[in-house]
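Undergrad: Here's a structure for you.
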Amino acid sequence: MSPEKVAVVEKILSANDQVAQLNRARLETKNIFSINIMASPGAGKTSVIMRTIQNLQNTIKIGVIEGDTAPVTIDADKITQAGVPAIQINTGGDCHLDAVMLASGLEQFPLSDIDLLIVENVGNLICPVAFQLGTHLNVLIASIPEGDDKPYKYPAMYRGVDILIINKIDLLPYIDFNMDYFLQGVRMLNPELVSFPLSCKTGEGVKSWTEWLLQRVRQNSHPKE
Amino acid sequence: MHELSVTESILEIASRHAKQAEAIKVTDIHIVLGRLSSIVDDSVQFYWDIISENTLCSGAKLHFKRIPAMLLCLNCQYEYQLEGELMPCPKCGSPQVKVTTGEEFWLDSIEIER
Ligand SMILES: Nc1nc2c(ncn2[C@@H]2O[C@H](COP(=O)(O)OP(=O)(O)OP(=O)(O)O)[C@@H](O)[C@H]2O)c(=O)[nH]1
Ligand SMILES: [Mg+2]
Ligand SMILES: [Zn+2]
């Protein structure tokens, strides 16, 4: 009885990708455009979502799913107070959301009422990008205080996203952040990446982001009454 | 720190293929891992010993083939390895580069006994 080699050649995490495809199909039947927001803790994910709601809530219907490692509902509560449906998925300590967690979130969500679904992933610059959720876009938020070397240190994160928001630009005068150096790293890893520099504090740049997003939502669906 | 989900995925894929091949035991598992996939093989090994217990794969040895991340300079066509910090082309200094390898992450083959 000698060992025998069996070729497999199967992507690890392919099970996650399959569920992600089901999520996408489900969102598309409901005519929903969806984005997955990833960033390190405190980069401004919730702040960007709040600004996006502020600018777009009179035009389209938005829903938010919050991923958190612990049953702390601070972020979800902020969203609900803004008058937008939000639910929280507790990852039970996991460093990322995965497609199965989003699927169970979608289960509980009033999908018929929304045009745009925003998912706030767990604050982490390494893990979330390995787990596709099935959303239409992966958005990364970088923020000025994190430093200009992040693309150089976390290349995988910058490879796996479609949109880059550069938040907290109001802090540029106070922090040694070399924007050219930062953007060079971004371009080396992901030349196609569309970026939006903005400040959630002053509101500068927020409109270009929300107008662009609105366009994408409209291309995808007919906003609901 | 998502090595646990990764390890579970490895176990699921290996067991499925082993059953299909009517194996009584899996002895070795070969995994191809690009440098950019940010997985710590030691942690996978650690979880593996725990979660593979009492399965077809119990005791199977994990082999990791590490693929370096390579960058191709689009200006002078020089190809170089991304080691440590990301850098522009060392030959001509151009930042116009393309990642060619390093994102691989798959289970390549298993060795079984029937
Ligand atoms: N100066 C400045 N502060 C900001 C800006 N955007 C967000 N902040 C602050 O940054 C902190 C973190 O913002 P959040 O939006 O909670 O960040 P987050 O990424 O959702 O954080 P976690 O969910 O905890 O990972 C808060 O104190 C915000 O007020 C900005 O544009 N400028
Ligand atoms: Mg938040
Ligand atoms: Zn060159």
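Undergrad: With the checklist (1) away from every other protein chain (no Cβ under 14 Å); (2) open to solvent by 80 Å² or more (accessible area, probe 1.4 Å); (3) assigned to a helix (DSSP H, G or I) in hand, flag the one item A:Pro71 doesn't pass.
TA: (3)
Undergrad: Please enumerate the residues belonging to region A:178-215 that are within 14 Å of another protein chain (Cβ to nearest Cβ), open to solvent by less than 50 Å² (accessible area, probe 1.4 Å) and under 30 Å from A:Ile32 (Cβ atoms).
TA: A:Val186, A:Leu189, A:Asn190, A:Leu193
Undergrad: Sticking with this one: Quick one: which of A:Ala76, A:Ala43 is outside any helix (DSSP H, G or I) and more than 14 Å from A:His136 (Cβ to Cβ)?
TA: Of the residues listed, the single one that is outside any helix (DSSP H, G or I) and more than 14 Å from A:His136 (Cβ to Cβ) is A:Ala43.
Undergrad: Here is a follow-up. Quick one: A:Asp94 ticks every box in (1) in a loop (DSSP other than H, G, I, E, B); (2) open to solvent by 30 Å² or more (accessible area, probe 1.4 Å); (3) away from chain B (no Cβ under 14 Å) bar one, so which box is it?
TA: (3)
Undergrad: Do the conditions hold for A:Ile163, that is, is it under 17 Å from the mean Cα position of the chain (by Cα), within 16 Å of ligand 1 (Cβ to nearest atom) and surrounded by 17 or more Cβ atoms within 10 Å (Cβ to Cβ)?
TA: Criteria met by A:Ile163.
Undergrad: Oh, and also: Quick check on my filter: what residues within region A:106-123 are in contact with a Leu (Cβ under 7 Å, 6 or more places away or on another chain) and within 16 Å of ligand 1 (Cβ to nearest atom)?
TA: A:Val119, A:Asn121, A:Val122
Undergrad: I've got another one for you. Scan region A:52-68 residue by residue and report those that are within 19 Å of A:Asn36 (Cβ to Cβ), in a loop (DSSP other than H, G, I, E, B) and either open to solvent by 10 Å² or more (accessible area, probe 1.4 Å) or out of contact with any helix residue (DSSP H, G or I) (no Cβ under 9 Å at 6 or more places or on another chain) (or both).
TA: A:Lys61
Undergrad: Search region B:1-27 for residues being more than 7 Å from chain A (Cβ to nearest Cβ) and part of a strand (DSSP E or B), and hand back the single one that is nearest to A:Gly123 (Cα to Cα).
TA: B:Val26
Undergrad: Another question about this same structure. Which of the following residues is away from chain A (no Cβ under 11 Å), part of a helix (DSSP H, G or I) and of a type in the set (A, V, I, L, M, F, W, C): B:Phe46, B:Phe64?
TA: Result: B:Phe46 is the single residue among B:Phe46, B:Phe64 that is away from chain A (no Cβ under 11 Å), part of a helix (DSSP H, G or I) and of a type in the set (A, V, I, L, M, F, W, C).
Undergrad: Spot the failing condition for A:Ala25; the list is (1) within 12 Å of ligand 1 (Cβ to nearest atom); (2) not in a loop (DSSP other than H, G, I, E, B), and only one is missed.
TA: Only one criterion is unmet by A:Ala25, namely (1).
Undergrad: If you take the residues of region B:52-82 that are touching a residue at least 40 places away in the same chain (Cβ under 8 Å) and under 19 Å from B:Asp41 (Cβ atoms), which of them is nearest to the chain's Cα centre (by Cα)?
TA: Checking each candidate, the answer is B:Lys65.
The values are calculated or read from the model by the stated rules, or taken from the named source; none is laboratory data. The structure presented is a predicted model; accordingly, all values stated were derived computationally and were not measured. For neighbour counting, all protein chains shown are included, and Cβ atoms are generated from backbone atoms with ideal geometry for every residue, glycine included. Remember, those area values only see protein heavy atoms, side chains included, never the ligands or the DNA or RNA. Shrake-Rupley method; radii C 1.70, N 1.55, O 1.52, S 1.80 Å.
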